[in-house]
């Protein structure tokens, strides 16, 4: 459906070709008929800063294969429990799920496992 026929049914305006959407750059190469979707590091950087992880080190494998998670890995001391009660785990995993789905398939398995 073209924009002109669409505008007959709903109120809309043409803003032109998309080049940036939800923190993702869109590059179109018409001669080769390719479309590149590029995550600007702003998304990852913003997520790391939001959860106070700006100083973390990148690794080749975000999660070791078949890593067993257990209750023994949970905070044991009251100090650790108090610290972890302030960590927005669900929000952090949700932010990572967005990145994994949109532009970071390399972290998808790890994020799904933690979710």
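Here are the numbers:
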item	result
Every residue from segment 86-109 that is surrounded by fewer than 16 Cβ atoms within 10 Å (Cβ to Cβ) and either more than 16 Å from residue 50 (Cα to Cα) or touching a residue at least 60 places away in the same chain (Cβ under 8 Å) (or both)	101, 102, 105, 106, 108, 109
Residue list for segment 33-45, restricted to those being surrounded by 10 or more Cβ atoms within 10 Å (Cβ to Cβ) and either outside any helix (DSSP H, G or I) or touching a helix residue (DSSP H, G or I) at 6+ places or on another chain (Cβ under 9 Å) (or both)	35, 37, 38, 39, 40, 43, 44
Yes/no for residue 11 being farther than 25 Å from residue 106 by Cα and loosely packed, with under 10 Cβ neighbours inside 10 Å	yes
Answer from 27, 49 - the residue that is assigned to a helix (DSSP H, G or I) and either on the phi > 0 side of the Ramachandran plot or at pLDDT 80 or above (or both)	49
Residues being out of contact with any strand residue (DSSP E or B) (no Cβ under 8 Å at 6 or more places or on another chain), over 21 Å from residue 112 (Cα atoms) and touching a residue at least 12 places away in the same chain (Cβ under 8 Å) - total across segment 33-77	1
Residue list for segment 76-115, filter: at pLDDT 90 or above and outside any helix (DSSP H, G or I)	76, 77
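The values are calculated or read from the model by the stated rules, or taken from the named source; none is laboratory data. Predicted, not measured: the structure shown is a model, and the values here were computed from it. FYI the Cβ positions are ideal-geometry reconstructions off the backbone, even for glycines, and counts take in every protein chain you see.
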